């Protein structure tokens, strides 16, 4: 018996581009970067104050606010869908949950009990699932910067093995002094803002976001964007540095193509991880050469627009892929001026319409050598 199809039924997002998906689409259409100077990081202890900040109101519980905002939009856009709460699963992807709590406690600032509770990812997931009526299986994914794509993979598996008919996949991480100081210690932040794949690139820009995608069993949802393939790997190269030859990411891509029953020639567009750090961008380029040779499909990434949103990145950028498929356009690579040597010549600088976009490959990589690839299909 064939496994059920998995459909992206609806989605929501709050990012540096704005408070909802409409704002994100508008920024993608115009290639507008949301990276801005933020006075919170005006200190010599940080490499840069340029970050991708979302407009939010919560002082002590930003993780819950960002995630809740995104999921509320996704559920509003979902419309009528008669699925029992016990058949709705929930998967949370995050690297730090409500890390704001630790900063407040260490500084002696007020911090609510609810905010303290949400320092623990599983309790953040529990409260979000309860608030949005998801009573089915619940998972929390924290696999560094692949968390979002792995969460989508896990959500799809819940549906395919019959554990759920729908799954809320939610990615969230918020800007914090802890994270910005950590990347500063690694000398991984670009002082003037992230420039993925650019000749002058020298680091990432921290960002924050909440993003949510509702996965639904294909026969219960209208035809739309489907998640048809996934693959993950670990190259075990270094605690923070990726394998220089891209072999681990290439392995994940092969796995995604295999489960999707496709070949490399079927891919119409690739949405890369694209942090803007020298090693990550070069590693992704090497992996793409391994799989696609010198005839790589169009490639772009949006961390020059949104910043690196950590556990939310894979979910946010999968929404970007979905918008591209739905609207039939190729997103650009914000802040890319001069393509660096060795990078794909098919990099898309500015957004442009396309006549046929059916299969999209989404890539994520992260600390610890983790890699994940997804394949999305339109129609």
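Here region 101-196 is described by how far its Cα atoms reach on the three principal axes: 47, 38, 16 Å, from widest to narrowest. Relative to its residue count, region 225-378 spans a Cα convex hull of 95 Å³ per residue. Remark: the residue 289-residue 102 segment gains 63.1 nm on full extension, using 0.36 nm per residue and subtracting the alpha carbon distance.
Of 265, 309, 30, the sequence from fewest to most neighbouring Cβ atoms within 10 angstrom is 265, 30, 309. Site pair residue 161 and residue 339 shows an inter-label distance of 4.2 nm when each label is modelled 7 Å from Cα along Cα→Cβ. Ranking of 337, 247 by neighbouring Cβ atoms within 10 Å, starting from the fewest: 337, 247.
Annotation: extensible slack from residue 181 through residue 122 equals 18.7 nm (criterion: 0.36 nm per residue apart, minus Cα-Cα distance).
Residues considered: 330, 306, 357. Largest GNM mean-square fluctuation over the chain, using C-alpha springs under 10 Å, is found at 357. Label separation (residue 355 vs residue 82): 4.4 nm, computed from points 7 Å beyond Cα along the C-beta direction. When the helices of the chain are scored as -39500 (n - 2.57) per DSSP H run of n ≥ 4 and the total is divided over every residue, the value at 222 nm lands at -10000 deg cm²/dmol. Its Cα gyration tensor gives the chain an equivalent ellipsoid, and the semi-axes of that ellipsoid, as √(5λ) in whole Å with the largest first, are 27, 27, 18. Look at where the Cα atoms of region 114-166 and of region 202-237 average out, and the two centres are 13 Å apart. By the count of other C-beta atoms within 10 Å, a proxy for reagent exposure, 95, 259, 322 are ordered fewest to most as 259, 322, 95.
Relative contact order of region 225-378, taken over Cα pairs closer than 8 Å and 6 or more residues apart, is 38 percent.
Every read-out reported here was derived from the displayed coordinates using simple, explicitly stated rules and does not represent laboratory data. Just so it is clear, the model here is predicted, and its values are computed rather than measured. Using ideal geometry, Cβ is built from the backbone for each residue, glycine included, and neighbour counts are taken over all protein chains shown.
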